[in-house]
Every structure is written in C-alpha cells, then in structure tokens.
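Below is one structure, written out as structure tokens; the observations come after it.
The values are calculated or read from the model by the stated rules, or taken from the named source; none is laboratory data. Everything quoted here is computed from the prediction, not taken from an experiment. Glycine gets a Cβ as well: all are built from the backbone with ideal geometry, and neighbour counts include every protein chain shown. Accessible surface areas use protein heavy atoms only, side chains included; no ligands, DNA or RNA. Shrake-Rupley method; radii C 1.70, N 1.55, O 1.52, S 1.80 Å.
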Amino acid sequence: MPDGESPSRWERDKTVFREMLREEWRLHSELLGGGRFGAFPLLIVALVAGAVWLLDFSGTDPGAVVAGMHALAFVFGLHTGSIGFVGRDAVANVLGDVTLIVFSARTLPLSQSRLLGIFVVKDVLYYAVLFLLPMAVGVAPAALAGAGVGLATIPLLWATLVTTFVLGIGLTIAGVGLSANGLPGRALLLGLVGGAVAAWYTGVPVVGYTPYGLYLDPGPESAGASAALILAAYAVGAATFDPQTQSADRSVGPAFRRWLARVGDPVAAKTLLDVRRSSGGVGKLLFSAAVLLGVTAGLVDLAADITGVAPSVGVSFGAVLGLTGFTTYNWLTTNDDVESYLAHPIDTAAVFHGKLRAFLLLGPAVGLAFYAVGVAWRGTPIAEAVVGAVVLVGVACYVFGLTIYLAGLSPNEFLFDTGLYAAFGAAIALPLVPILVVAFAFAPVSSTLLAALGTGGAVLGAVGFGLYRRSLGKWGAYHRA
C-alpha cells in the first residue's frame with residue numbers, strides 16, 4: 001500500500017490471523033521440539049477406521065459410532081477452550097514470559113472482541129484440518145467395506161464435526177465469561193446448565209438443536225437451530241469474556257511451610273501450591289473430571305440403547321473415571337519441569353517422588369469424588385460400587401505410572417508425538433477395553449467376575465507403581481545427559 005496510508009480493517013485482520021497461525025505452529029514447535037506431530041493426522045485416520053470397522057463387526061449401529069464422534073468433537077472443543085483461556089499461566093511457564101496475540105488488545109489497534117473472534121476462527125481452521133478432517137476421512141475405509149456409513153455423508157460429517165467443535169469452544173468462552181462476573185454470572189451459568197439438563201431429562205430433543213441434529217436431519221430448520229445455538233453461545237461469550245482481565249493483586253502468607261508440614265515432601269508441597277494458585281486453581285481438575293463424568297454417562301446411555309441392557313454403572317464409571325489420573329497428573333506437571341529444580345540440592349528421583357506424593361494426595365480423591373456423584377446419580381449394587389472404586393484407583397495409578405514412564409514431566413508433549421501416543425493408546429486400551437466389555441455386556445456382573453475385576457484393579461495399580469519405579473532410572477539418565 002502507498003506510504004502513509006493506514007491498512008484497512010480487513011488487512012489488519014488478515015495479518016493478525018496469519019500471525020496467529022504462525023504462533024500456533026511456534027507453540028507446537030517449542031512444546032514438541034519440531035514437527036513430530038506431522039504424522040498425527042494419519043494416526044487419527046487409522047484409529048477411526050479401525051474403530052468403525054471393529055464396532056460394525058461387533059454389530060454396533062453405525063449411527064452410534066457417528067454420535068460418539070460428535071461427542072468427542074464436542075469434548076475436544078470444551079478442552080480447547082479451557083486450555084486457551086483458563087490455562088494462560090501454564091503457557092507462560094512452558095514458554096517463558098510471553099504475550100499471546102489474543103491477549104494483546106492494549107498494544108494492537110484491534111478491539112478485544114475482534115481479536116477473540118480472529119482467535120476462534122484460527123483455532124477452528126487449524127484443528128478442523130489437523131484433527132477433525134482425519135476423523136471424517138477415517139470413516140471412508142469402513143464405508144467402502146460396507147460398514148453402513150455412506151461415502152456421500154462424509155462432507156456433511158466433517159461439517160457437523162467442525163461446528164460441534166465450534167460449539168464446544170463457544171460454550172467454554174461463555175462459561176468462563178459468566179463465571180468471571182461474580183455471583184450473578186455464576187448463578188446465571190448454573191441456571192442455564194440446570195435448564196439444559198432438565199430439558200434433556202424431560203424428553204425435550206436438545207440434541208436436535210445441535211450440529212449433530214443437523215447431521216441426523218439435514219435441512220433449513222436443523223441448520224438454523226444449530227446456528228442459533230452457536231451464535232447465542234458466542235454472543236454471551238463476547239459480552240462477558242475478557243482475557244485481559246487479571247486477578248486482583250493479593251498478598252499471600254508463607255504457606256509453604258504449613259503445606260510442607262502437612263505433606264512431608266517439599267516438591268509435593270510446591271506442586272500442590274502451584275495448582276492451587278494457578279489460573280482456575282483446583283477447579284481445573286474438577287472441570288476435567290466433570291467432563292469425563294458426562295462422557296461416561298453418555299456412553300452408558302448409548303450402550304443401553306444399542307444392547308437393550310443397562311450396563312454396570314459401578315464398573316463402567318470406575319473404569320472411565322480412572323482416566324482422571326492423566327488429567328490430574330497433567331495439571332500437577334504444568335507449572336514446572338525437572339530443569340526448574342536444578343538450582344536445588346535434589347535429584348531427578350526426588351522430583352518424581354514429590355510428584356507421586358502430590359498425585360496420591362489429589363488424583364484418586366478427585367476421581368472418587370465424581371465417582372460417588374455418578375453412583376448416587378445412576379445407582380448401582382453395593383458390590384459393583386465397591387469394585388468400581390477399586391478399578392478406578394487401579395486405573396488411575398496405572399495411567400499415572402504409564403504417563404510418567406513415557407513422558408516424564410511433559411505429558412502434554414507426547415499427545416502430538418505419533419509413536420508415543422500410539423503406544424499410550426494401546427497400553428490404555430489393553431486393560432480398559434476388557435473391563436468395559438464386562439461392564440456393558442455382562443451386567444449385572446456376577447460375583448466371580450466382580451472378584452476378577454477387583455483383583456485386576458489391584459494388579460493395574462501395582463503395574464503403575466512398577467512403571468513409576470522404572471521411570472526413575474530412565475529419566476534420571478536422560479536428565480543427567
């Protein structure tokens with residue numbers, strides 16, 4: 001453009017959008033040390049194709065498979081929104097003292113709402129290609145094999161997966177914005193969530209107003225309903241959310257010594273304080289567990305619809321909520337790494353031991369708390385409830401040991417490392433799939449199977465601690481090198 005002429009709004013938006021895409025790549029590059037996640041879309045295609053074929057072979061309705069894909073896209077949208085907005089201090093701790101473009105309205109000639117809109121468009125485009133397109137394409141091999149999902153529906157499937165992802169992000173933005181507006185905002189948020197749940201339980205076709213409803217019944221009415229829901233979520237988010245808002249300055253007492261006296265380990269005490277004082281506090285752990293609880297409830301309902309038999313609530317909820325072991329460990333390691341302890345007279349083993357102590361104090365407690373909610377909500381025989389709790393603790397400890405063995409103190413990094421992620425997924429599926437098969441296909445579970453499941457949960461916990469002990473030598477040698 002000629003010298004002295006100011007760029008148009010469109011030019012500014014385009015420049016910011018381009019730089020945000022570069023920023024996204026830079027974040028992945030610094031987190032992963034390069035482009036190792038380049039093969040990740042191919043892994044997604046393979047996993048989806050295998051899952052669709054296997055479920056079709058087992059007699060599962062293809063519609064249930066598509067419903068599960070939309071549920072995953074929705075949860076991924078919720079998770080993406082929570083990481084992008086609630087976990088800002090996590091990004092600072094990983095990448096140093098940085099300011100992401102979306103948080104820089106005070107230094108750029110753009111409004112905060114405009115920056116937020118560009119950020120969402122960037123995220124949607126980036127993840128629609130990196131994750132959601134491979135999910136839709138993964139249906140193609142099974143469709144060619146006659147799995148009951150037509151090839152002609154794949155473009156519509158991708159479109160509704162993307163819009164479901166968009167809806168998840170929008171609801172997170174709206175939820176964070178409302179919760180940041182004091183008691184009235186939180187009350188309104190609880191009222192909206194409660195109203196949606198009540199409508200669902202009273203038979204209102206809530207799903208029909210979502211992008212999944214558009215997939216089930218393509219047409220102007222379903223398209224307009226899903227568009228209205230998405231626009232409403234973003235309108236609330238735009239009106240209430242401000243990523244520039246910082247917590248008020250506050251003074252804190254010397255709490256470390258008190259926590260050390262309670263915990264008995266300096267690394268564990270520091271870790272728990274880091275979680276408590278970071279953005280979202282312990283609420284981050286509760287949010288992750290609540291999402292898993294909702295997913296588990298949906299899986300149980302879906303299995304009941306497919307098979308006509310109500311699955312074991314205790315066993316199924318215990319198995320899936322055991323995965324909170326990963327989310328808890330992820331939050332316990334977000335704010336530091338081994339290198340940050342090098343100035344202190346402790347070795348790698350002491351750091352890992354402190355993380356173990358913090359996990360044992362927090363991880364099973366979070367999972368069991370939401371497990372109690374699920375069991376009270378759905379009801380289950382006492383024996384199944386007890387065994388489900390044992391399975392939950394065993395799976396959580398197994399996931400902890402597996403994660404620390406594969407990824408050390410960087411569990412987020414291997415999510416985009418194709419080889420490690422494949423190994424992690426296979427190692428999780430190996431014990432979890434048989435447990436869920438028993439819960440879904442053999443309910444009510446016999447005393448013999450319950451005894452086997454309880455023993456299996458204890459064995460999984462022991463395997464997790466064994467992996468943890470093996471990780472000490474592995475990561476000690478790595479950090480010494």
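General observations
- Unique residue being open to solvent by 40 Å² or more (accessible area, probe 1.4 Å) and either farther than 17 Å from VAL300 by Cβ or in contact (Cβ under 8 Å) with a residue 24 or more places away in the chain (or both) when the list is LEU420, LEU406, LEU432: LEU420
- Here SER278 passes the criteria (1) modelled with pLDDT under 90; (2) open to solvent by 60 Å² or more (accessible area, probe 1.4 Å); (3) under 26 Å from GLY168 (Cα atoms) except the one numbered (2).
- Residue match in region 82-93 (condition: among the hydroxyl-bearing types (Ser, Thr, Tyr), open to solvent by less than 20 Å² (accessible area, probe 1.4 Å), at pLDDT below 70 and under 26 Å from THR163 (Cβ atoms)): yes
- Test result for THR334, touching a helix residue (DSSP H, G or I) at 6+ places or on another chain (Cβ under 6 Å) and under 23 Å from GLY457 (Cβ atoms): no
- Which listed residue is open to solvent by 30 Å² or more (accessible area, probe 1.4 Å), closer than 10 Å to LEU321 by Cα and either touching a residue at least 40 places away in the same chain (Cβ under 8 Å) or charged (D, E, K, R) (or both), from VAL393, VAL386, VAL373: VAL393
- Residue pairs whose Cβ atoms lie under 7 Å apart, sitting 6 or more positions apart in sequence or on different chains, and linking a residue in region 148-164 that is under 20 Å from GLY224 (Cβ atoms) and modelled with pLDDT of 75 or more to a partner that is of a type in the set (Phe, Trp, Tyr) and part of a helix (DSSP H, G or I), are LEU156/TYR215; LEU157/TYR215; THR160/TYR212; THR160/TYR215; THR164/PHE74; THR164/TYR212.
- Scanning region 444-481 for residues that are in contact with an Asp or Glu (Cβ under 8 Å, 6 or more places away or on another chain) and among the aliphatic types (A, V, I, L, M), we see that the one that is nearest to VAL300 (Cα to Cα) is VAL445.
- Region 187-203: number of residues that are modelled with pLDDT under 80 and either part of a helix (DSSP H, G or I) or within 23 Å of HIS79 (Cβ to Cβ) (or both): 3
- Region 259-282: number of residues that are within 21 Å of THR348 (Cβ to Cβ) and not in a helix (DSSP H, G or I): 2
- Checked against the criterion of being under 30 Å from PRO266 (Cα atoms), touching a helix residue (DSSP H, G or I) at 6+ places or on another chain (Cβ under 6 Å) and assigned to a helix (DSSP H, G or I), the candidates ALA358, ALA365, ALA385 yield just one match: ALA358.
- When residues of region 210-228 are limited to those that are assigned to a helix (DSSP H, G or I) and within 25 Å of the chain's Cα centre (by Cα), the one surrounded by the fewest Cβ atoms within 10 Å (Cβ to Cβ): ALA227
- The combined condition, being surrounded by fewer than 21 Cβ atoms within 10 Å (Cβ to Cβ), under 19 Å from ARG357 (Cα atoms) and of a type outside the set (A, V, I, L, M), is fulfilled by GLY466.
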